[in-house]
Amino acid sequence: MGQLLGVVLPVFLVIGAGYLAVWRGLFSDAAVDGLMVFTQRFAIPCLLFSGIATLDLGQDFDLRLLASFYTGSTVCFFLGMFGARTIFGRPWPDCVAIGFSALFANTVLLGLPIMERAYGADSLGPNYAIIALHAAWCYFLGITTMEIVRAGTGPSRALAGIVSRAMFRNPLMIGVALGFIVNLTGLPLPVVLTDAVNLMIRAALPAALFGLGGVLYRYKPEGDMKVIAFLCLLSLIVHPAITYGMGRGVTALTDEQLRSAVITAAMAPGVNSYLFADMYGAARRVVASTVLIATALTVLTASVWLAILP
């Protein structure tokens, strides 16, 4: 377990450094915002573009892999939504935001660095295949459900427009889409351009992890602790357990695919969970606290899943 913590802890030490820097006033809120804009709109889209552009679609883009991961995430969305309604009596918009938090794992800022430290950079192909569909599926399911809950049976065209705008204005989705264009067309890229993209990639994850620590400082642990504990259970235990069960017993994933799917599924909810809740003004305190607490707990739970995996 000590060796496994050695894999996970450096990632969280960088997050903790960002948290401490903002807490002690060494790094301002404005600086955190600027850093997150740089990483979320520029550096990480470059990382995803490069990962998808060089992805072996025949080998890594495997429907069995995607079925294993997304069955778990979708089940957790509905467990979170209906659990919030039937167990905790939350209003429907809150329930959807809570379900979205269980759905949207932090596949990039936590999943990629932990996988890379545990298994090496060459292990990330299945991760990129999962990430390629992640934002699109999560926003599609979350926004569609929220709009149905809020507006009843509204016009399908309006609903489709809302979902499309939310997905395709997302810089991460743009990076993924451009990566697919290059991959599928075989478009040669100038060496100067690929070198520039590689420079951006080197800054992406360390800067994003440090900025994530600063963002988490804003999320004070408050709200209904029972709901928060329920969400942490779904995100850190149930989602990876379903993915593991699917990968082992139903879809027969290779060891490499199973590692990527389960570790990605075992990550805490991403910051986008709070952005979704804030966009609709629903369950903001619960979701913000869940992002903070679950991220801290991932130090231990990710180590346990690393020990379980082959």
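Assorted remarks:
- Note on PHE27, PHE38: ascending count of other Cβ atoms within 10 Å places them as PHE38, PHE27, the fewest first.
- Max mean-square fluctuation residue, GNM over the chain, Cα-Cα springs under 10 Å, options ALA97, ALA261, ALA296: ALA296
- Taking other Cβ atoms within 10 Å as a rough exposure proxy, LEU55, LEU110 sort from fewest to most as LEU55, LEU110.
- Highest mobility in the GNM of the chain, judged by mean-square fluctuation with C-alpha springs under 10 Å and restricted to THR185, THR107, THR254, is found for THR185.
- Taking the chain and dividing mean pair separation by its residue count, relative contact order in percent (alpha carbons under 8 Å, at least six apart): 35 percent
- Each of TRP23, TRP305 was scored by other Cβ atoms within 10 Å of its Cβ. Arranged with the fewest first, they read TRP23, TRP305.
- Of ALA266, ALA21, ALA30, the one that fluctuates the most in a GNM where the chain has Cα springs shorter than 10 Å: ALA30
A short reminder: the numbers here are calculations on the coordinates, not readings from a lab. As the structure is a prediction and not an experimental result, all values here were calculated from the model. In this analysis, Cβ positions are derived from the backbone assuming ideal geometry, glycine residues included, and neighbour counts consider all displayed protein chains.
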